[in-house]
1. Using R₀ = 45 Å, calculate the FRET efficiency as 1/(1 + (r/R₀)^6) where r is the Cβ-Cβ separation of Arg305 and Lys182; round to 0.05.
2. Counting alpha carbon pairs within less than 8 Å and at least 6 residues apart, what relative contact order, in whole percent, applies to the chain?
3. Quick check: convex hull of the Cα atoms in the stretch 13-340, volume per residue, rounded to a whole Å³?
4. Per 0.36 nm of contour for each residue apart, how much would the distance between Arg79 and Thr257 grow if the chain were fully extended, relative to their Cα-Cα spacing?
5. What number comes out for the charge environment of Leu11, summing +1 per Lys or Arg and -1 per Asp or Glu over other residues with Cβ under 13 Å away?
6. Where does each of 265-271, 76-82, 139-145 land if you order them by average Cβ count within 10 Å, highest first?
7. Compare the peptides 218-225, 278-285, 10-17 by average per-residue count of other Cβ atoms within 10 angstrom and give them in order, highest first.
8. Suppose each label sits 7 Å from its Cα in the direction of the beta carbon; what would the Glu298-His39 distance come out to in nanometres?
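Read-outs: derived from the displayed coordinates by stated rules, not from any lab. All values derive from a computational prediction rather than experimental measurement. Here Cβ is always computed from backbone atoms with ideal geometry, including for glycine, and neighbour counts include all displayed protein chains.
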Amino acid sequence: MSTLDALGRPLHDLRISVTDRCNFRCVYCMPKEVFNSQHRFLGRSELLSFEEITRLVRASAQLGVRKIRFTGGEPLVRRDLEQLIAMVAAIEGIDDMSLTTNASLLSAERARQLRDAGLERINVSLDALDDATFMAVNDVGVPVVEVLRGIDNAIAAGMRNIKVNMVVKKGLNEHAIVPMAKHFHGSGVILRFIEFMDVGNHNQWQHDSVLSASEIHRRIHRELALENIDPNYPGEVAKRWRYCDGGGEIGIIASVTQPFCGDCHRARLSAVGQLYTCLFASGGTDLRQVLRSGVSDEALLAQLRALWSARSDRYSEQRGRQPSGTQPLQFRPKVEMSYIGG
Ligand code: SAM
Ligand code: SF4
Ligand code: SF4
């Protein structure tokens, strides 16, 4: 039987950040002013080794984890990631793996190596189709074509159910919503729109910069008619819509305007082995220290079970219901997105 948290939610997904480094400086995630040469990135010995990650996944699978997502920073900057993927693929109970990437480093050869290691799905982040907007987002001058090439390489390598994630921030890329929808309409790639979130401490988040899911839907629907479809499984974060003309489906993730904490069954592991039970947590639990202390498998499992059982996080719901006159929740220190990977 799977372990339930304090609010009755099972643990089903584990998101694993394999590095805090990235070749992009997306303005809403790793702004250049903060993540520059003065910033101290993690050293190699600080990162969990592949063996350590695998051990934690094995224990989590015993608690009910079925789905693993590799993320970062940019996961493709971690050397030999394919080896880790092959090790995790072999763990009993893990039946779904995916990778979230900016795809700029996804060469044809790398895509094949990942596929050979057992990776069947990727989620690619792309926030616009015109270079001016996309370069204003990634802030390192990478053109759109490099990401589109990465997507093509993934398809050619045999990956399926490819999703493209677009974060929508008012004043930054809202004009790219309809062009993105039209581009991926009929392509077999599922485009998902994500409301700009108040993750981390440096992205200058304000409620005014969030374009709501209902507005995103309205803008697409008036160009390409949409109809609602059922979730694939309970707790799916994206609301699904399909084009009435048979051009495929899209998803909209309303993390801010319609929080879904009630179904949240995700835990997140940072590259140094901190386990976070919420994307907006201020702190995590240091599992690297536990692993390196020579803990037995039974004791490790007991510790993970105790951690999950005590979980009561529901940040997004609380953010939406704050009484006036209190210190707003969003100003509390939070872990950085590039550290735990979204
Ligand atoms: N580098 C990889 C990538 O960009 O796909 C993986 C890590 S990135 C932190 C994971 C996801 O978080 C990306 O899809 C990114 O767009 C999203 N993200 C980052 N900051 C965000 C924010 N403030 N609001 C919403 N999504 C955000
Ligand atoms: Fe890098 Fe992904 Fe963050 Fe962009 S969203 S800076 S690609 S980690
Ligand atoms: Fe899950 Fe925390 Fe997001 Fe709520 S705010 S859905 S608990 S990660």
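1. After rounding, the FRET efficiency stands at 0.40.
2. Relative contact order here is 22 percent.
3. Per-residue hull volume (Cα only) is 138 Å³.
4. Full extension from Arg79 to Thr257 adds 60.3 nm.
5. +4
6. Ranked from most to least packed, the peptides come out as 265-271, 76-82, 139-145.
7. Output ranking for 218-225, 278-285, 10-17: 10-17, 278-285, 218-225.
8. About 4.4 nm, to one decimal.
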